[in-house]
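The values are calculated or read from the model by the stated rules, or taken from the named source; none is laboratory data. This is a predicted model, so every value here is computed, not measured. Note that we place each Cβ from the backbone using ideal geometry, even for glycine, and neighbour counts take in every protein chain shown.
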Amino acid sequence: MFVGLNAGFGRPLGADRAFIEATGFTLVRQEFRVGFSDRAIAALVHEFVGRPLTLLALIGGGTNRSARGGRIEPHEFAELAARVVRVASDAGLIAFAIEIGNEPDIGHHDYATRPQDFAVAVSQSHAAVRQAGHTGLVVSGGVSNLSRERLDYLARMTTHGLPPDVVIGFHRYPHGMSPRVPHPGFKDRDEEWRRLLEIAGTRRVACTEFGHHTARRRQARFGWLRPQRRVAEADVADHIVYDYQFFLERAAVVAAVYQINDGPTDRAIDRYGIRRGDGTLKPAVSAITTFVAGGSDFTRQR
């Protein structure tokens, strides 16, 4: 399994690359957006040439929206994906993976309501990159979670003729404050997982985003809101490792944590980083390094 990190977000890793490698990550999920020039693409792919990190090229990124505000059309996904393959080949980068789009179930409205259209985008992109010479993984854009609603979207999408070698992408964020708690309607996380595999069929699966934040949150109980609580940084470290181990034991191709840095606010979206906003390291960094080295302790109950 590739131990991945979401980083870069369309900009070169720069000095962060050494930190990512030293932590023990084996893959980085990096964005390639419609409108990028070949020069911009080359700047991103060059960082992986001759390095121990594998690139997971997220084609389109973000919300599957184009710069003009509409959706990224299937042919636009395909054209960009093929261009990334050609530029990467010219740069000497051959072994890498491609993911087509991001969270189609909650991104652009057209894809969220028409999973058959997103299936077309994945299929057209798969054909384009294979024709361009890409022999590595092609991953369908990860649905936003493993809740029943999101898995139902994935099930509808996969009925529309995806090529058999497409890897099924998904994201998994917790319901509540523990990674052990399943989403509503499932008795445990293994039942979530069985539903995912039922949908995937013979295809492999890849978790291209998972994460645990330290922002304040309210927990509902018996119809009342309990006081705001945070998950401590040390507990988040344990939760990240728990998820890595979960996906490793179940033969996921990729598990990529979200993300490298905290943002500027105390909202949840800005508190998923493995580094704080000032660049200091959270306990997650040493926990991931230990996990990669094979010495993690998964017995702690947080």
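Among the residues examined, residue 77 does not qualify as in contact with a strand residue (DSSP E or B) (Cβ under 6 Å, 6 or more places away or on another chain) and in a loop (DSSP other than H, G, I, E, B).
The rows are residues; the columns are (1) surrounded by fewer than 21 Cβ atoms within 10 Å (Cβ to Cβ); (2) of a type outside the set (Val, Ile, Thr); (3) in a loop (DSSP other than H, G, I, E, B).
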position: 102; (1), (2), (3): no, yes, yes
position: 106; (1), (2), (3): yes, no, yes
position: 146; (1), (2), (3): no, yes, yes
position: 155; (1), (2), (3): yes, yes, no
position: 178; (1), (2), (3): yes, yes, yes
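Every listed requirement among (1) crowded, with 20+ Cβ neighbours inside 10 Å; (2) not in a strand (DSSP E or B) is met by residue 5 save one, (2).
A Cβ distance below 9 Å, combined with a sequence gap of six or more or placement on separate chains, defines the contacts here; from region 194-214, residues that are closer than 14 Å to residue 250 by Cα reach residues that are surrounded by 19 or more Cβ atoms within 10 Å (Cβ to Cβ) and among the basic types (Lys, Arg) in the pairs 207/172. Annotation: of all residues in region 35-69 being part of a loop (DSSP other than H, G, I, E, B) and modelled with pLDDT of 95 or more, the one that is nearest to residue 274 (Cα to Cα) is 53. Just so you know, in region 282-299 the residues that are surrounded by fewer than 14 Cβ atoms within 10 Å (Cβ to Cβ) and of a type outside the set (S, T, N, Q) include one that is modelled with the highest pLDDT, and it is 293. Give me the residue from region 226-271 that is out of contact with any helix residue (DSSP H, G or I) (no Cβ under 9 Å at 6 or more places or on another chain) and hydroxyl-bearing (Ser, Thr, Tyr) and, out of that set, farthest from residue 97 (Cα to Cα). That would be 265. Screening region 157-176 for residues that are of a type in the set (Val, Ile, Thr) and closer than 19 Å to residue 116 by Cβ and picking the one that is surrounded by the fewest Cβ atoms within 10 Å (Cβ to Cβ) gives 159. The sole residue among 60, 10 that is surrounded by fewer than 20 Cβ atoms within 10 Å (Cβ to Cβ) and in contact with a strand residue (DSSP E or B) (Cβ under 9 Å, 6 or more places away or on another chain) is 10.
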